[in-house]
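A short write-up of the structure that comes next.
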Amino acid sequence: MLVLSRKQHDVILIGDEVRITVVRIDRNQVRLGIEAPQHITVLREELQLDAEERAAREAWTASDTHEHPPVSGGPQRG
């Protein structure tokens, strides 16, 4: 991990396409501006983790319903 110290309005470049600007610094918060092409996804980590958990839950629920079909009307007599 690269750790940098930056001041307000300083810029960090990642490759030729991503530009991160320190927009504002408050006591416990740093506001960053991120410029990147549309084909690069920029997402806060907690949102990515939430999406992964939700997808895993949905996949588990979908597989669970296939393994245990609903019971309808009890046993059939023929």
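Would you please put 39-48, 13-22 in order of how densely packed they are, using the mean number of other Cβ atoms within 10 angstrom per residue and starting with the highest? Write out the running numbers ahead of the final one.
Details: 39-48: 8.5, 13-22: 12.5.
Packing proxy ranking, top to bottom: 13-22, 39-48.
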Next on the checklist: Need one number: the % of Cα-Cα pairs in segment 11-67 sitting beyond the 19 Å mark.
Outcome noted: 55
Checklist entry - When the Karplus curve 6.51 cos²θ - 1.76 cosθ + 1.60 is applied with θ = phi - 60°, which whole-Hz ³J(HN,Hα) does each residue of segment 35-52 get, with x for Gly and Pro? => result 10, 8, x, 4, 6, 9, 7, 10, 8, 5, 4, 5, 6, 5, 5, 4, 5, 5
Item to check | Computed lengthening from residue 28 to residue 4, 0.36 nm per intervening residue step minus Cα-Cα distance | outcome: 7.0 nm
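Below 10 angstrom from the Cβ of residue 12, what's the summed charge of the other residues (Lys, Arg +1; Asp, Glu -1)?
Details: positive: 6, 19; negative: 10.
Surrounding charge for residue 12 is +1.
All of the numbers you see were taken from the coordinates with simple rules; none came from a lab. Computed from a prediction, not measured in an experiment: that's the story for all the values here. Positions of Cβ are generated from backbone atoms using ideal geometry, with glycine treated the same way; all protein chains shown enter the neighbour counts.
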